[in-house]
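These notes are about the structure you will find just below.
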Amino acid sequence: MKKKKILKIVIPAALVVVIIGAVTVNNAANAGKQMAEAMQVEGITVETGDVAETVETNGTVISGEQKMIFSPVNASVETADFEVGSLVKAGTQLVTFNLKDLEEQNQKAELTVRSNELGYQDSVSQANKAASRQADAKNKAAQLQAQVSAKEQEVQNLTNAIAGAANAQEASRKQEEKEMQEQVTSLQGQIKNAGKETDTAKKAYDKAVTKQQTAQVNFDAAAAAAGSNPQALETAREELNKANKNLADAKNVYETKQQAADTLQQQLNALQGNSQIEMTESVGESDLQQKLQTAQSELAELKGNLESQKAVAEGDSGAMSSAAREQMQTNTNLAELESKSLEELIAEGKKGITAEFDGVISDKQIMEGAMVTQGMQLFTLQSIEDVNVEVTLSKNVYAKVKEGQKAEITLAGETYQGTVQSISRIATSGAAGTNQAAVASASIMATVHIDNPDENIFLGVDAKVAIQAAEAKGVIILPTEAVNIGKDGTFCWVNKDGVLTKRSITTGVTSDEYAQITQGVDEGEVVIPDPGNHEEGDAITVVDAVDNGGMPEAAAGTDDAGEAGAASGDMTGTDSASDDTAENE
């Protein structure tokens with residue numbers, strides 16, 4: 001049987017070595033590339049900026065002033081053209097009255113007064129005729145009666161004079177109060193304007209301080225490198241001198257504005273301290289009082305003598321007793337008083353009721369044609385010139401809120417400026433607000449005053465309130481994503497000579513985006529927001545963070561946007577903090 005021939009392929013040894021070497025080099029290159037990529041992490045450079053911390057909550061819009069209006073007369077309502085929820089302007093006529101019945105009552109009262117006067121005169125005439133029949137007794141009685149009447153008139157004149165003097169003094173007192181109130185209002189307006197100017201000067205002064213500090217730092221750096229760049233030193237010196245001058249000017253302006261505001265406030269305090277006007281009795285009034293007492297004593301004596309003479313003439317049935325005279329005079333006086341009271345009510349009713357301030361009707365208890373009585377409640381007017389927002393603060397945030405802090409209120413698509421007006425000193429147990437921060441077993445109520453209300457305000461609606469609780473400018477900041485919290489405290493990851501290192505840090509004012517770093521890292525250091533799968537001590541290669549997937553290279557705030565923020569969110573971490581100090585890569 002014929003054997004088959006087996007072909008053998010012989011590969012030279014040198015070629016085998018070359019192939020194996022090529023494969024090995026290629027694998028090593030790929031492994032090196034993968035290792036280099038695995039070591040890469042994104043880093044950001046620590047810079048300075050601004051950060052603001054705010055407390056956000058919801059609240060209910062309420063009026064800071066409300067007034068219940070009552071009827072001044074007994075009458076029917078002629079017009080009441082408004083409803084609950086109506087917006088009214090100050091000075092608007094809200095209610096008019098139909099005074100026909102009241103005017104008829106007044107006419108009847110005037111006729112009653114006239115009838116009483118005629119009846120009184122007739123009775124006196126009849127009494128005088130009867131007295132003439134008793135020559136001596138009646139003649140003396142008539143003489144005494146004339147003296148009594150004259151003395152009564154004198155007493156009445158003195159009483160009227162005293163009342164007139166009192167009215168004049170009251171009018172003078174009211175005029176003085178009006179003038180003083182006008183001065184107070186003027187000073188309050190000046191104080192408000194001075195406060196605005198002081199705030200503006202303070203902001204300019206703070207900005208000048210920041211620029212001077214920056215110029216000082218630049219000068220110190222240029223001075224340290226003066227040997228290599230003397231021109232930079234001269235430029236830094238000029239900038240520092242300019243910053244120092246601007247700072248001195250800004251400080252002088254601020255102190256001048258503050259002193260002017262303090263002077264106005266002192267003037268207001270002094271004026272309000274003398275607001276109580278003491279009215280002393282005038283010499284003329286004292287003389288009138290003395291004369292009135294003398295006339296009353298003389299009148300009493302004359303009446304006593306008159307009664308004695310009448311007793312002599314009692315045999316004549318036509319005589320009129322002093323008691324009857326006094327009774328008729330009293331009836332006449334009562335009728336006159338009733339007539340005067342009705343005239344005053346009619347005058348008050350003709351005025352109607354007008355709105356004392358811009359506001360909203362919150363309660364209406366009348367309708368046109370209905371009868372109302374004097375003192376009856378008609379409606380309630382709530383001011384929209386003095387408007388507040390009531391908010392609820394949880395135990396976690398109420399300590400950050402202080403009276404006088406500024407706030408931003410948003411309602412019905414409009415934004416308003418506000419000021420924290422008051423904070424309750426009593427916690428409410430079991431209260432729950434509409435925002436997450438307010439939901440707690442115990443909470444604090446606070447009132448935020450709306451500084452610039454307008455006609456778009458609605459009472460009773462919900463409003464969003466952002467209170468500016470704290471602010472820091474020109475400080476070292478980090479994005480909140482780079483701040484971690486572990487069991488040993490707050491820390492961040494830094495690049496120390498190409499090694500991933502954990503660094504303990506202390507935070508200050510914190511917003512949703514940035515956190516102030518008061519201790520732990522310095523400006524210019526490189527921080528690793530996300531170390532990925534790397535652990536502390538691993539060798540790393542830092543690349544700049546990019547917009548998509550990385551942190552911004554600079555975290556400095558700006559005057560417009562850098563101050564925005566909300567209450568600090570939770571920052572989580574799992575590792576303990578380290579005391580190592582990081583250095584720039």
Test: residue in segment 211-226 that is in contact with a strand residue (DSSP E or B) (Cβ under 9 Å, 6 or more places away or on another chain) and either small (Gly, Ala, Ser) or at pLDDT 85 or above (or both): yes
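Here are Gln417, Gln382: which of them is open to solvent by less than 50 Å² (accessible area, probe 1.4 Å) and farther than 14 Å from Thr57 by Cβ?
Values: Gln417 fails: open to solvent by less than 50 Å² (accessible area, probe 1.4 Å).
It is Gln382.
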Qualifying residue in segment 231-240 (condition: loosely packed, with under 11 Cβ neighbours inside 10 Å and either assigned to a helix (DSSP H, G or I) or at pLDDT below 90 (or both)): yes
Qualifying residue in segment 438-456 (condition: modelled with pLDDT under 85, small (Gly, Ala, Ser) and more than 23 Å from Asp512 (Cβ to Cβ)): yes
Extreme residue, nearest to Leu302 (Cα to Cα), among residues of segment 149-176 that are among the charged types (D, E, K, R) and in contact with a helix residue (DSSP H, G or I) (Cβ under 7 Å, 6 or more places away or on another chain): Lys151
Residue in segment 472-482 that is of a type outside the set (S, T, N, Q), touching a Ser or Thr at 6+ places or on another chain (Cβ under 7 Å), over 30 Å from Asp544 (Cβ atoms) and modelled with pLDDT of 90 or more present: no
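Looking for something open to solvent by 20 Å² or more (accessible area, probe 1.4 Å), assigned to a loop (DSSP other than H, G, I, E, B), touching a residue at least 40 places away in the same chain (Cβ under 8 Å) and not polar (S, T, N, Q) - is there at least one such residue anywhere in segment 539-547? Explain how you work it out, then say what you get.
Going through segment 539-547, the residues open to solvent by 20 Å² or more (accessible area, probe 1.4 Å) turn out to be 539, 541-544, 546-547.
Subsequent filtering for residues that are assigned to a loop (DSSP other than H, G, I, E, B) retains 546-547.
Add one more test, that the residue is touching a residue at least 40 places away in the same chain (Cβ under 8 Å), and what stays is 546.
Next, only the ones that are not polar (S, T, N, Q) stay: 546.
Among the residues of segment 539-547, at least one is open to solvent by 20 Å² or more (accessible area, probe 1.4 Å), assigned to a loop (DSSP other than H, G, I, E, B), touching a residue at least 40 places away in the same chain (Cβ under 8 Å) and not polar (S, T, N, Q), which makes the answer yes.
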Number of the condition not met by Glu177 [criteria: (1) modelled with pLDDT of 90 or more; (2) surrounded by 12 or more Cβ atoms within 10 Å (Cβ to Cβ)]: (1)
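Looking only at segment 180-198, how many residues end up being without any contact (Cβ under 8 Å) to a residue 40 or more places away in the chain and open to solvent by less than 90 Å² (accessible area, probe 1.4 Å)?
Narrowing segment 180-198 to residues without any contact (Cβ under 8 Å) to a residue 40 or more places away in the chain: 181-182, 185-186, 189, 192-193, 196.
Checking the rest, the ones that are also open to solvent by less than 90 Å² (accessible area, probe 1.4 Å) come to 185-186, 189, 193.
Going through segment 180-198 one residue at a time, the tally reaches 4.
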Members of segment 497-512 that are surrounded by fewer than 19 Cβ atoms within 10 Å (Cβ to Cβ) and either of a type in the set (D, E, K, R) or closer than 20 Å to Met39 by Cα (or both): Asp497, Gly498, Val499, Asp512
Residue list for segment 73-84, filter: open to solvent by less than 80 Å² (accessible area, probe 1.4 Å) and of a type outside the set (S, T, N, Q): Val73, Ala75, Val77, Ala80, Phe82
Hits in segment 369-420 (condition: closer than 20 Å to Val461 by Cβ and aromatic (Phe, Trp, Tyr)): Tyr416
From the options Leu111, Leu118, Leu87, Leu102, residue that is open to solvent by less than 70 Å² (accessible area, probe 1.4 Å) and modelled with pLDDT under 90: Leu102
Close pairs from segment 203-230: first part of a helix (DSSP H, G or I), partner among the β-branched types (Val, Ile, Thr), Cβ under 8 Å, at least 6 apart: Ala204/Val253; Tyr205/Val253; Ala222/Thr235
Filtered residues of segment 483-496 (kept if part of a loop (DSSP other than H, G, I, E, B) and open to solvent by 20 Å² or more (accessible area, probe 1.4 Å)): Lys487, Asp488
Segment 404-431: number of residues that are part of a loop (DSSP other than H, G, I, E, B) and at pLDDT below 90: 9
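The values are calculated or read from the model by the stated rules, or taken from the named source; none is laboratory data. Predicted model only: the values in this text are computed from it and were never measured. Quick reminder, even Gly has a Cβ in these numbers, built from the backbone with ideal geometry, and neighbours come from all protein chains shown. Only protein heavy atoms, including side chains, enter the accessible area calculation; ligands, DNA and RNA are left aside. Shrake-Rupley method; radii C 1.70, N 1.55, O 1.52, S 1.80 Å.
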